[in-house]
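**Student:** My structure is below; once you've seen it, I'll send some questions.
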Amino acid sequence: MNPNFLLPSFLHYRNGPQTADLIQTPSKFGLGMMPKGLDADSTTTLVCGFCSTGCGLTAHLRDGEAIHLSPASEYPVNLGMACPKGWESLAPLAAPDRMTTPLMRDRYGQLKPVSWGDAVAQFVHSFQGIQARCGKDSIACLSTGQMATEEMALLGSLFRFGMQGIHYDSNTRQCMATSHVAYKQSFGFDAPPYAYSDFEESDVLVFVGSNLCVAHPILWQRVLMNERKPQIIVVDPRKTETAMNATLHLPILPKSDLVLFYGLARALLARDAVDKSFVRDHTTGFDEFSSFVESFTEERVLQHTGLEKADFDRFIHALASGKRVSFWWTMGVNQGHEATRTAQAIINLALLTGNIGKPGTGANSITGQCNAMGSRLFGNATSLLGGRDFANPAHRADVARILGMQDDAIRGEKGFAYDQIIDGIQDGTIKGLWVVATNSAHSWIQQESAREALKKLEFLVVQDLYATTETAAFAHLLLPAAGWGEKEGTFINSERRLGLVKQIRRAPGQALSDFRIFQVIADAWNVGDWRHRWSSPEAAFDLLKELSRDLPCDFTGIQGYEMLDACGGIQWPWSDHIASPETSSPRPAVERRLFEDSIFFHEDGRARFLFDNPTPPPETPTSDFPFILLTGRGSSAQWHTLTRTSKSDMLRRLSPDSIYVEINPLDAAARGIHSGQKIQVASRRATITASALVTASVQQGQLFIPMHFPETNQLTLQVVDPHSRQPSYKYCAVQIISGQ
Ligand SMILES: Nc1nc2c(c(=O)[nH]1)N[C@H]1C(S)=C(S)[C@@H](COP(=O)(O)OP(=O)(O)OC[C@H]3O[C@@H](n4cnc5c(=O)[nH]c(N)nc54)[C@H](O)[C@@H]3O)O[C@H]1N2
Ligand SMILES: Nc1nc2c(c(=O)[nH]1)N[C@H]1C(S)=C(S)[C@@H](COP(=O)(O)OP(=O)(O)OC[C@H]3O[C@@H](n4cnc5c(=O)[nH]c(N)nc54)[C@H](O)[C@@H]3O)O[C@H]1N2
Ligand code: SF4
Ligand SMILES: [Mo]
């Protein structure tokens with residue numbers, strides 16, 4: 001650790017509110033207030049803060065604070081249902097290890113409480129010092145898909161326009177970058193086209209690399225509400241809970257999806273199962289695509305994917321004969337070395353068969369975190385606010401005008417993606433890092449190099465609810481954040497629905513909402529007058545509306561938070577043209593899908609067929625490392641790095657106690673391994689110990705370890721998709737060293 005970061009105690013920042021203001025009159029800063037317009041003993045509805053399903057939860061208040069949650073029966077997403085995480089959302093807020101003051105590491109490596117004034121002064125002093133010595137681009141920021149959109153947009157604006165950094169990425173890189181790029185290239189905008197009602201209105205549902213039963217249980221409930229007796233086809237190397245409930249499970253070899261989908265396209269062409277007029281009128285690249293897929297013969301598909309011919313035939317038949325076919329994908333697609341083209345291979349199938357823009361159809365990416373969709377649109381990381389391009393001077397001018405900044409405040413260069421930030425720290429280009437609402441020292445791929453990088457930093461700031469996360473252990477400065485339910489703002493769910501999050505609890509101690517922390521830092525940094533337009537989350541929402549104007553995501557018709565509350569959330573687009581009182585529908589229909597007019601967002605209005613030759617993963621099994629390691633979600637009660645879900649007794653009881661590795665019975669028998677036995681699993685990076693779970697849900701030659709334990713990413717290898725730079729978490733070569 002660099003002792004120079006310690007702040008001379010006389011240094012205080014100039015323009016921000018003084019510490020005393022922040023602490024003694026907390027209501028001025030958004031804390032300690034009663035939820036707006038609510039009685040002390042009443043109920044109110046807000047959107048859940050875990051997954052992207054975006055369920056409505058009813059908070060039951062006593063003396064102005066929530067004491068209990070239940071699923072909101074009127075909310076159009078979940079219709080009165082919630083998974084265990086939703087029910088238990090208050091527990092993480094009440095955890096004993098909540099951070100209640102800023103903490104600074106002293107010269108002996110101990111974290112010591114400091115005032116907000118000192119913390120913010122330290123923040124400014126250290127980052128500005130690094131920039132003065134090493135250049136503007138020697139600092140970086142990693143953020144999240146788990147804050148309100150208003151907060152993300154303010155952070156992105158503060159870091160990129162105020163602090164003048166360009167190396168800013170969000171943890172949606174780990175999760176949704178592939179879908180973002182795939183849609184942008186194929187449709188002209190990052191536009192998941194569906195509404196959840198499509199689960200209910202489909203005849204054939206195809207799930208690719210998605211374990212909906214575990215990761216999105218309430219969406220699975222929506223599938224169960226389908227009364228059309230649908231075929232449910234699951235493409236997943238594992239026989240997951242979702243695959244067990246499917247009418248057809250295709251246990252493909254990991255990362256053979258691209259060959260499978262090109263082979264399917266070829267087979268559909270051969271059967272003339274193509275929607276010719278749709279393809280002719282609304283797409284480009286079809287002829288090239290048709291010739292490209294010629295070489296993906298049935299023989300090649302079966303050999304490459306390991307599928308049975310009968311299963312492949314059933315799949316072809318289902319797609320060729322299905323009237324309403326919908327395709328759904330999640331991390332089994334997004335996290336791969338050729339992920340973007342795989343997502344686009346799915347999109348191509350929907351285009352080819354005309355399964356888009358109609359009930360029960362679509363090429364549909366299911367999102368992960370509660371506000372990954374907000375981050376994709378307004379994170380200001382890869383895309384400029386609203387899904388614009390940083391490189392486009394007209395786009396920059398637009399944003400500068402709306403935000404009241406000088407044109408040149410927005411730099412056009414592309415910054416580093418997450419993996420490049422880690423590499424940049426390793427090679428000394430980046431010396432200061434601000435981590436907001438993500439736990440890099442656990443969730444980032446190939447942990448050893450991520451942790452080495454964190455250790456090398458001159459100055460690491462971590463802004464979180466807890467000082468006990470794996471990443472906090474490396475921090476020089478920790479900023480205590482209010483969590484979901486302790487602040488207000490909006491999230492955007494998987495079906496593009498903006499939903500409201502409300503303050504139903506007081507944050508503990510001196511914890512401040514992320515929005516407030518960014519405001520205070522913006523003042524201390526002296527970013528300029530534009531900051532005053534971000535005076536509250538609702539004022540920020542008005543800016544977001546303006547930023548969305550005339551874009552595909554236009555939601556200028558949403559008057560404000562009250563309207564969102566009254567409507568049970570509103571999907572974008574909802575522009576003030578459609579919503580004007582003169583039209584017959586001033587309030588939006590509850591569920592809407594995109595592309596009903598078959599017009600896409602490219603300038604020519606057409607969707608693109610995009611494709612590439614498949615390539616092998618960089619690290620394939622060898623005789624030394626004969627197994628493929630798959631990773632992913634383990635149970636509905638566990639959330640990511642467990643910082644939140646491990647705080648609930650109930651969720652802990654529903655979760656496995658410690659790390660386990662799923663192994664096929666034949667592989668286990670060959671090594672004399674039985675369930676419960678501790679075994680060592682090694683990759684070329686590390687060796688870990690886990691309990692064996694012998695189960696036929698994994699194929700021979702494959703192992704599965706859930707992502708929720710810090711050991712898992714010690715094994716993985718940092719490989720990224722070239723288009724999206726999303727890491728390939730679900731493939732590396734490992735061996736079993738010994739049974740104990
Ligand atoms: N309980 C719970 N729910 C969650 C989360 C959580 O942590 N806990 N996280 C949320 C987030 S952020 C996300 S992104 C989503 C993730 O939701 P999902 O993507 O559904 O979950 P995963 O388990 O990561 O991966 C899905 C499946 O991909 C399969 N897979 C692996 N490799 C391949 C392959 O090469 N091809 C194919 N076709 N499939 C493959 C895996 O076997 C796995 O079953 O879940 C969200 N919901
Ligand atoms: N091996 C493997 N690794 C994976 C994956 C996988 O499938 N396999 N999946 C990847 C995916 S899809 C994802 S999304 C990532 C998730 O990775 P992370 O984002 O690192 O996981 P979380 O545990 O959700 O971390 C969020 C952190 O933010 C804090 N936090 C929560 N709410 C707030 C808030 O309002 N404000 C602030 N300031 N802090 C807050 C939490 O306490 C927690 O420390 O993991 C990725 N890693
Ligand atoms: S399904 Fe997702 S949004 Fe719904 S209650 Fe569970 S975690 Fe919350
Ligand atoms: Mo995710």
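None of the figures in this text is laboratory data; all of them are computed from the coordinates on show. Treat the numbers as computed from the prediction; the structure is a model and nothing was measured. Note that each Cβ is placed from the backbone with ideal geometry, even for glycine, and that neighbours are counted across all protein chains shown.
**Student:** What share of the DSSP beta bridges in region 193-365 is antiparallel, in percent to the nearest 5?
**Tutor:** Working: 0 of 17 bridges.
Bridges in region 193-365 that DSSP calls antiparallel: roughly 0 percent.
**Student:** At 37 °C and 0.692 mPa s, grab the translational diffusion coefficient of the chain from Stokes-Einstein with a Kirkwood Rh over Cα pairs, rounded to a whole number in µm² per second.
**Tutor:** Numbers: Rh = 26.3 Å.
In µm²/s, the coefficient is 125.
**Student:** How do 395, 317, 216, 476 rank when sorted from fewest to most other Cβ atoms within 10 Å of their own Cβ?
**Tutor:** 317, 395, 476, 216
**Student:** Would you please give the FRET efficiency between residue 615 and residue 669, computed as 1/(1 + (r/R0)^6) with r the Cβ-Cβ distance and R0 = 30 Å, to the nearest 0.05? All intermediate terms of the calculation are to be shown ahead of the outcome.
**Tutor:** Details: r = 34 Å, r/R0 = 1.14.
Computed FRET efficiency for residue 615 and residue 669 comes out at 0.30.
**Student:** What's the longest piece of the chain with no exposed chymotrypsin sites (Phe, Trp or Tyr not before Pro), counting a site as exposed if DSSP puts it in a loop and it has at most 15 other beta carbons within 10 Å?
**Tutor:** Values: sites that count: 10, 108.
Free of exposed loop sites, the longest segment is 109-740.
**Student:** Put +1 on the Cβ of each Lys and Arg and -1 on the Cβ of each Asp and Glu in region 69-223; which of 161, 94, 82 then has its Cα farthest toward the positive end of the dipole?
**Tutor:** It is 161.
**Student:** Taking the Cα centroid of region 246-273 and of region 74-93, what is the distance between the two, rounded to the nearest whole Å?
**Tutor:** So the two Cα centres are separated by 36 Å.
**Student:** Next up: Going by C-beta contacts inside 10 Å, put 650, 176, 147 in order with the fewest on the left. Before the final figure, lay out the partial values.
**Tutor:** Numbers: 650 14, 176 30, 147 35.
Listing 650, 176, 147 from fewest to most nearby Cβ atoms yields 650, 176, 147.
**Student:** Let me ask something else about it. Suppose every Lys and Arg Cβ carries +1 and every Asp and Glu Cβ carries -1, with no other charges. What dipole size does the chain come out with about its Cα centre, to the nearest 20 debye? List each step's numbers first, then the result.
**Tutor:** Details: 68 positive and 77 negative charges, 226 e Å.
Rounded to the nearest 20 debye, it is 1080 debye.
**Student:** Return the long-range amide H neighbours of residue 365 (sequence gap of 5 or more, or a different chain), with a cut-off of under 5 Å between placed amide H atoms.
**Tutor:** Distant-sequence amide H within range of residue 365: 329.
**Student:** Using amide H atoms built in the peptide plane, which far-off residues or other-chain residues are under 5 Å from residue 509 H to H?
**Tutor:** Amide H to amide H, under 5 Å and 5 or more residues apart or across chains, residue 509 pairs with nothing.
**Student:** For all pairs of alpha-carbon atoms in region 448-540, what percent lies in each bin of width 5 Å, listed from the first bin to the last filled one?
**Tutor:** Answer for region 448-540: a P(r) of 3, 12, 16, 18, 18, 16, 12, 6, 0 percent.
**Student:** Let me ask something else about it. How large is ³J(HN,Hα) for each residue in region 139-156, as worked out from phi by the Karplus curve 6.51 cos²θ - 1.76 cosθ + 1.60 (θ = phi - 60°), to whole Hz, x for Gly and Pro?
**Tutor:** After applying 6.51 cos²θ - 1.76 cosθ + 1.60, I find 10, 8, 9, 10, 10, 9, x, 10, 10, 5, 4, 4, 5, 4, 5, 5, 4, x Hz.
**Student:** What are the semi-axes of the equivalent ellipsoid of region 193-365, taken as the square roots of 5 times the eigenvalues of the Cα gyration tensor, listed largest first and rounded to whole Å? Spell out each step's value before the answer.
**Tutor:** Numbers: eigenvalues 103, 75, 41 Å².
Semi-axes, largest first: 23, 19, 14 Å.
**Student:** Per Stokes-Einstein, at 25 °C and 0.890 mPa s, what whole-number D in µm² s⁻¹ belongs to region 484-602, with the Kirkwood radius over Cα pairs as the hydrodynamic radius? Don't skip to the answer; put the middle values down first.
**Tutor:** On the way: Rh = 16.1 Å.
My calculation gives 152 µm²/s for D.
**Student:** Same structure again: Run the reach check for residue 678 against aspartates and glutamates, Cα to Cα strictly under 18 Å, same-chain hits fewer than 8 apart removed. What comes back?
**Tutor:** Reachable aspartates and glutamates: 657, 662, 667, 711.
**Student:** List 351, 307, 111 from most exposed to least, where exposure is judged by having the fewest other Cβ atoms within 10 Å.
**Tutor:** Numbers: 351 29, 307 21, 111 18.
Listing 351, 307, 111 from fewest to most nearby Cβ atoms yields 111, 307, 351.
**Student:** Per-residue ellipticity at 222 nm for the chain, helices alone: DSSP H runs ≥ 4 residues times -39500 (n - 2.57), over residue total, nearest 500 deg cm²/dmol?
**Tutor:** On the way: 27 runs with 224 residues, N = 740.
When only DSSP H runs of four or more count, the value is -8500 deg cm²/dmol.
**Student:** Straight distance only, please: which aspartates and glutamates reach the Cα of residue 487 with their own Cα at less than 18 Å, same-chain residues fewer than 8 apart left out?
**Tutor:** 39, 63, 65, 88, 150, 151, 464, 514, 538, 542, 562, 565
**Student:** Given region 174-279, report the % of alpha carbon pairs whose separation exceeds 20 Å. Don't jump to the answer; show the numbers that get you there.
**Tutor:** Details: 2956 of 5565 pairs.
It works out to 53 percent of all Cα pairs.
**Student:** Any chance you could run the full-extension gain for residue 392 through residue 70? It's 0.36 nm times the residue separation minus the Cα-Cα distance, nm to one decimal. Before the final figure, lay out the partial values.
**Tutor:** Details: separation 322, 0.36 × 322 = 115.92 nm, distance 4.61 nm.
Length gained between residue 392 and residue 70: 111.3 nm.
**Student:** Excluding residues on the same chain fewer than 8 positions from residue 276, give the lysines whose Cα lies under 25 Å from its Cα.
**Tutor:** Counting by Cα, and skipping residues close in sequence, residue 276 has these lysines nearby: 184, 323, 358.
**Student:** Next question, about the same structure. Per the Cauchy relation, a quarter of the hull surface: what is the mean projected area of the convex hull of the alpha carbons in region 627-737, in nm²?
**Tutor:** Details: hull surface 29.5 nm².
That works out to 7.4 nm², a quarter of the Cα hull's surface.
**Student:** Same structure again: For residue 384, list long-range residues whose amide hydrogen, built 1.01 Å from N in the peptide plane, is under 5 Å from its own amide hydrogen.
**Tutor:** Excluding prolines and chain starts, which carry no amide H, the hits are 389, 390.
**Student:** Given 37 °C and 0.692 mPa s, compute D for region 301-348 with the Stokes-Einstein relation, Rh being the Kirkwood radius over Cα pairs; round to the nearest whole µm²/s.
**Tutor:** Estimated diffusion coefficient is 265 µm²/s.
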